[in-house]
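Notes for the one structure printed next.
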Amino acid sequence: MSEDPIEVFLQPIQLDYDYTAGVSASRFLRAIEQGKLLGQRCPVDGRVYFPSRGSCPQHAVPFADDGAVELPDRGTIVTYSIVRVPSENIPLELPYITVQVLLDGADTVLMHVLDGDLDTVRMGLRVEAVWKPKEEWTTSLANILYFRPLDEPDADYDSYKEHI
Amino acid sequence: MSEPSLTAPHQLAYTYKRSLGPVLSRFFTALRDRKILGVKRKDGTVLVPAREYDPDTAESLDELVEVQDTGVVRSWSWVPKPRAQQPLDHPFAYALVQLDGADTTMLHVVDAGSEAQMATGMRVKARWAKETSGAITDFVFVPGE
């Protein structure tokens, strides 16, 4: 038996939920199972929310079924962070880059990881999604493995500045 | 009409890692040796479990004293259907136990077998794990002496 003093106390917390996605998120998840990225357009100001959700958080109006918008799997990094501290449950090798991606045509950002150089990641960098093999697709955003840089000029700051 | 909603199990799990500090470190280290420590206040009363500060005066406390691993149930509540994360997988009581030598009660488990065995004022004693690790789960209380 160890003679060292006990200096740290580990307290595991575990909560088990049955998560029900609801109509709108279910539609989003069924679409991503087919490799499609669905957003929804607000009927008041036309902004496109991604992932799709049931109502507009700003105007408190329901999104109509015909407001669904299919988005491309490419976009612009509006901001990013280089992660050097490990987290339980995140198996990525350190350091890695988390990015906020504004998909083309969307008005909200998606948080994901970037497979790219620490030296070259920057705001405005154009990126595209890298998907799992099609036969592994499920009703999960994890169908996208990560984003990678596109060989394109950077996006103009004005095109994404309100989404930072 | 839309398709039915998707559902999926979702487990939220994370582990807190708490530094114990000098006083609680001694309390937990003593549990590994099957001893329960309290802390003595200026007026001579003993708080169990040990803590670093007097809850009334906020004075620092560091005079640790061993108390008995026997005591009296001051209050209790029966748990007929324990949940997965609870300390025992069969019905038990949560109880406030005042250990012999202590002036306060501590919340712990009484493995009493049935609710009929529980009573306020009953005597309990610690049943220690075969292998202790320096955790509050190194023991549970059982009825009698």
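The values are calculated or read from the model by the stated rules, or taken from the named source; none is laboratory data. On a predicted model such as this, the values are computed, not experimentally measured, just so you know. All Cβ positions, even for glycine, are placed from backbone atoms using ideal geometry, and neighbour counts span all protein chains on display.
Some observations on this one:
- Residues of the range B:43-82 satisfying the condition of being without any contact (Cβ under 8 Å) to a residue 24 or more places away in the chain and within 17 Å of the chain's Cα centre (by Cα): B:Ser77, B:Val79, B:Pro82
- Some residue of the range B:62-80 being in a loop (DSSP other than H, G, I, E, B), buried (at least 18 other Cβ atoms within 10 Å of the Cβ) and aliphatic (A, V, I, L, M): no
- Residue list for the range A:130-164, filter: free of Cβ contacts under 8 Å to residues at least 60 places away in the same chain, of a type in the set (A, V, I, L, M) and not in a helix (DSSP H, G or I): A:Val130, A:Leu145
- In the set B:Ala102, B:Ala126, only one residue is assigned to a loop (DSSP other than H, G, I, E, B), crowded, with 16+ Cβ neighbours inside 10 Å and at pLDDT 95 or above; that residue is B:Ala102.
- A:Arg84 passes every criterion in (1) at the interface with chain B (Cβ under 8 Å from one of its Cβ atoms); (2) under 30 Å from A:Thr120 (Cβ atoms); (3) not hydrophobic (A, V, I, L, M, F, W, C) apart from (1).
- Selected residue (criterion: nearest to the other protein chains (Cβ to nearest Cβ)) from residues of the range B:43-54 that are surrounded by 11 or more Cβ atoms within 10 Å (Cβ to Cβ) and farther than 15 Å from B:Met106 by Cα: B:Glu52
- Test for A:Val8: is it in the same structural domain as A:Asn143 (by TED's automatic domain parsing) and at pLDDT below 95: no
- Scanning the range A:1-33 for residues that are of a type in the set (S, T, N, Q) and at the interface with another protein chain (Cβ under 7 Å from one of its Cβ atoms) gives A:Gln11, A:Gln14, A:Thr20, A:Ser26.
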